[in-house]
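Novice: One structure, pasted below without further comment.
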Amino acid sequence: MKRFSLVWIVLVGALLAPTAGFAQISCSREGLQRAVDLYIEAQTKGDTAGMPLAMGLGYMENVARADINNGLIKKPMKIDHHRSLIDTATCQTFTEAIVTNKAEPYVLGTRLRVNRDKIAEIEILWTTTGYWLFDADAYLKYSSAEKWDTIPANRRDTRDTLVAAASAYLDAFLEGKKDLVPWGYPCNRTEGGRGRTGDGSATDSCDPGVPSGVNISNRRFVVDETIGAVVAFCTFGAGNANGGSGAPDTHLFRVENGKLRYVHTLTHLLQANFGGGQGGAPRGGAGAAGAPRGGAGAPDGPARGTPPANQQ
């Protein structure tokens with residue numbers, strides 16, 4: 001009888017104990033990092049079975065609702081480099097992931113939202129061959145060489161300061177008031193990979209090429225004060241002909257002492273759809289042939305074209 005009772009207790013304990021992978025998900029920094037780790041594992045395998053997904057999971061790709069069973073997250077990828085923001089205030093994470101596979105390269109911006117011990121939202125903005133200034137090899141080169149380390153507690157900017165710095169940069173696209181942006185020096189901007197401002201000098205600036213007349217709309221922020229980083233999920237313009245394409249976009253910022261240090265942008269916009277179907281580098285784009293070094297779109301013309309016909 002005693003033996004039976006002991007076996008029963010062991011069996012019940014095994015059934016009730018949560019799996020090791022799921023047990024650590026929470027809104028603490030450690031719990032959110034665990035969610036990121038499980039996402040990286042899932043994206044590598046193309047299998048979400050190891051992720052504790054909420055019953056009513058919201059899954060999106062490029063600002064559109066999608067079926068996770070047919071989603072990009074189900075495509076196995078060898079991730080060559082990634083960095084993540086952990087936002088304990090909103091229980092969210094953001095991961096920049098770079099895949100340099102020659103056959104199918106990608107750069108992803110993935111947002112997770114955790115609700116207690118489950119992942120409630122997965123949102124992926126992806127770019128690949130043929131999209132805005134895309135070059136995964138160049139993106140890896142620049143991103144992996146940058147310093148996004150932990151900032152000492154007594155030198156960290158507040159959440160409000162980080163969001164304000166990002167907002168000032170994005171606001172400048174509409175009215176061109178660049179004097180209100182907290183420019184840091186040096187500052188380097190990477191657009192899609194092929195676009196890059198600066199050459200490694202102490203005077204490098206993220207200022208060149210910022211257009212005007214473009215309304216960066218629908219902003220949602222994920223903030224990590226620990227590494228001085230903030231990302232804005234947004235649309236590049238409100239979608240009118242002269243004010244940007246309205247294409248899904250992320251702008252990722254590193255801020256040091258209240259000043260911009262790095263800016264990364266991903267835009268889900270086919271290169272061929274920029275400027276009325278021109279397939280070459282857009283006029284004024286960072287790294288564009290024949291353009292001023294470091295532009296983010298032509299200041300005197302339409303910005304990033306019209307949305308792709310096959311946008312997901």
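Novice: Within segment 161-195, work out how many residues are touching a strand residue (DSSP E or B) at 6+ places or on another chain (Cβ under 9 Å) and at positive phi.
Specialist: Of the residues in that region, 2 qualify.
For every residue, the table says whether it meets (1) among the acidic types (Asp, Glu); (2) open to solvent by 20 Å² or more (accessible area, probe 1.4 Å); (3) closer than 27 Å to PRO211 by Cβ.
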position: LYS102; (1), (2), (3): no, yes, no
position: THR127; (1), (2), (3): no, no, yes
position: GLU175; (1), (2), (3): yes, yes, yes
position: VAL181; (1), (2), (3): no, no, yes
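Novice: Quick check: anything in segment 152-168 surrounded by 14 or more Cβ atoms within 10 Å (Cβ to Cβ), within 21 Å of the chain's Cα centre (by Cα) and either over 16 Å from PHE253 (Cβ atoms) or modelled with pLDDT under 95 (or both)?
Specialist: no
Novice: Scan TRP183, TRP148 and give me the residue that is within 21 Å of ARG111 (Cβ to Cβ) and assigned to a loop (DSSP other than H, G, I, E, B).
Specialist: Going through TRP183, TRP148 in turn, just one is within 21 Å of ARG111 (Cβ to Cβ) and assigned to a loop (DSSP other than H, G, I, E, B): TRP148.
Novice: Might you let me know whether segment 125-134 holds any residue that is within 21 Å of GLU225 (Cβ to Cβ) and touching an Asp or Glu at 6+ places or on another chain (Cβ under 8 Å)?
Specialist: no
Novice: Being over 11 Å from the mean Cα position of the chain (by Cα), assigned to a strand (DSSP E or B) and either surrounded by 23 or more Cβ atoms within 10 Å (Cβ to Cβ) or at pLDDT 95 or above (or both) is the filter here; which residues of segment 230-247 pass it?
Specialist: PHE236, ALA247
Novice: Closer than 26 Å to SER144 by Cβ, among the small types (Gly, Ala, Ser) and in a loop (DSSP other than H, G, I, E, B), is that true of ALA49?
Specialist: So ALA49 does not fit the description; no.
Novice: Hey, can you tell me all the residues within segment 49-62 that are in contact with a helix residue (DSSP H, G or I) (Cβ under 6 Å, 6 or more places away or on another chain) and open to solvent by 30 Å² or more (accessible area, probe 1.4 Å)?
Specialist: Scanning segment 49-62 gives a single hit, GLY50.
Novice: Something else: Within segment 65-91, how many residues turn out to be open to solvent by 80 Å² or more (accessible area, probe 1.4 Å) and in a strand (DSSP E or B)?
Specialist: The qualifying residues number 2.
Novice: Can you say whether THR158 is under 22 Å from ARG219 (Cβ atoms), in contact (Cβ under 8 Å) with a residue 60 or more places away in the chain and in contact with a strand residue (DSSP E or B) (Cβ under 8 Å, 6 or more places away or on another chain), as far as the supplied structure shows?
Specialist: No, not satisfied.
Novice: Still on this structure, I have one more. Which pairs do you get when a residue that is farther than 15 Å from HIS82 by Cβ and modelled with pLDDT of 95 or more, found in segment 136-151, comes within reach of a residue that is in a helix (DSSP H, G or I) and not aliphatic (A, V, I, L, M), reach meaning Cβ atoms under 7 angstrom, with the pair 6+ apart or on two chains?
Specialist: Every condition considered, the pairs that remain are THR150/THR226; ILE151/THR226.
Novice: Name the single residue that is farthest from GLY31 (Cα to Cα) among those in segment 113-151 being within 17 Å of the chain's Cα centre (by Cα) and of a type in the set (Ser, Thr, Tyr).
Specialist: By that ranking, first place goes to TYR131.
Novice: Go through segment 186-206 and count every residue that is crowded, with 16+ Cβ neighbours inside 10 Å and part of a loop (DSSP other than H, G, I, E, B).
Specialist: 9
Novice: Only one of (1) open to solvent by 40 Å² or more (accessible area, probe 1.4 Å); (2) under 30 Å from GLU30 (Cα atoms); (3) over 20 Å from the mean Cα position of the chain (by Cα) fails for GLY258. Which number is that?
Specialist: (1)
Novice: Name the residues in segment 23-48 that are open to solvent by less than 20 Å² (accessible area, probe 1.4 Å), out of contact with any strand residue (DSSP E or B) (no Cβ under 7 Å at 6 or more places or on another chain) and hydrophobic (A, V, I, L, M, F, W, C), would you?
Specialist: The answer is LEU38, ALA42.
The values are calculated or read from the model by the stated rules, or taken from the named source; none is laboratory data. Computed from a predicted structure; not experimentally measured. No Cβ is skipped: glycine too gets one built from the backbone with ideal geometry, and neighbour counts run over all protein chains shown. Heavy atoms of the whole protein, side chains included, go into the accessibility calculation; ligands, DNA and RNA do not. Shrake-Rupley method; radii C 1.70, N 1.55, O 1.52, S 1.80 Å.
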